[in-house]
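Report on the structure given below.
The values are calculated or read from the model by the stated rules, or taken from the named source; none is laboratory data. Source: prediction; values computed, not measured. Backbone-built Cβ (ideal geometry, glycine too); neighbour counts: all protein chains shown. Note: areas computed on protein heavy atoms with side chains; ligands, DNA, RNA excluded. Shrake-Rupley method; radii C 1.70, N 1.55, O 1.52, S 1.80 Å.
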Amino acid sequence: RNFQTVVKEAIPDGADVVFLFGEIDCREGILVAVEKGRYPSLAAGMEATMAHFFAAVEELRVKRKLNRVFIHPIVPVLNETRQIVTQYNALFKERVLATGGRLTWLDGVFEGLLTPGGGALRPEYEFDGTHLHPSYLTLVADAVDAAT
């Protein structure tokens, strides 16, 4: 309900929009659901959460006549979830690219946040251990520019 309220009040019809969803679903939620048998695999759990995301975004895109819809990768801030976030983003990117241009993946953002080899968050983007430093927004701006 909060998402719907914020979208209704903050995004004008016909706008360009960047959607960023947090990594909270990449924490224990999907893993616990797999362990409990709700999903047969981690990939199936990821697909299920993405299905909700894509349905909500597509409904908004059409209903609000959104101009360009950019999809921000899940951020890899936490060491504990980085491996799952990396797997999630690989699948997420595939699904965004498969939309035939209705949605645009912000290419290079995820990779730009990580040290070479992808093992850690780049120090310049560390903030409080949970969130990114606002300076990372230059990666987003570059990705939007490259996509247009």
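Quick look at the values:
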| quantity | calculated |
| --- | --- |
| Assigned charges on the beta-carbon of Lys, Arg, Asp, Glu; region 1-133 dipole about Cα centre (debye) | 520 |
| Difference of contour (0.36 nm per residue) and Cα-Cα distance, Glu28 to Arg1 | 7.4 nm |
| The chain - percent of accessible surface contributed by carbon and sulfur, probe 1.4 Å | 55 |
| Environment charge at His133 (Cβ cut-off 13 Å; Lys +1, Arg +1, Asp -1, Glu -1) | -2 |
| D (Stokes-Einstein, µm²/s), Kirkwood Cα radius, region 2-148, 1.567 mPa s at 4 °C | 80 |
| Residues of region 52-72 with amide N under 12 Å of a point placed 7 Å along Cα→Cβ from Ala147 | 67-72 |
| Residue-normalised accessible area of the chain, given per residue in Å² at a 1.4 Å probe | 58 |
| Net charge, Pro76 excluded, C-beta distance under 9 Å - Lys, Arg +1, Asp, Glu -1 | 0 |
| Environment charge at Ala98 (Cβ cut-off 14 Å; Lys +1, Arg +1, Asp -1, Glu -1) | 0 |
| Protection-proxy order for peptides 4-11, 80-87, 61-68, each taking the mean of Cβ atoms within 10 Å per residue, highest first | 80-87, 61-68, 4-11 |
| Zone residues, region 7-31, relative to His131, backbone N less than 18 Å from point 7 Å out along Cα-to-Cβ | 19-25 |
| Top of Val109, Val96, Val34 by mean-square fluctuation, Gaussian network on the chain, Cα under 10 Å | Val34 |
| Residues in region 32-67 that a label on Leu78 would reach, taking backbone N under 13 Å of a point 7 Å out along Cα→Cβ | 32 |
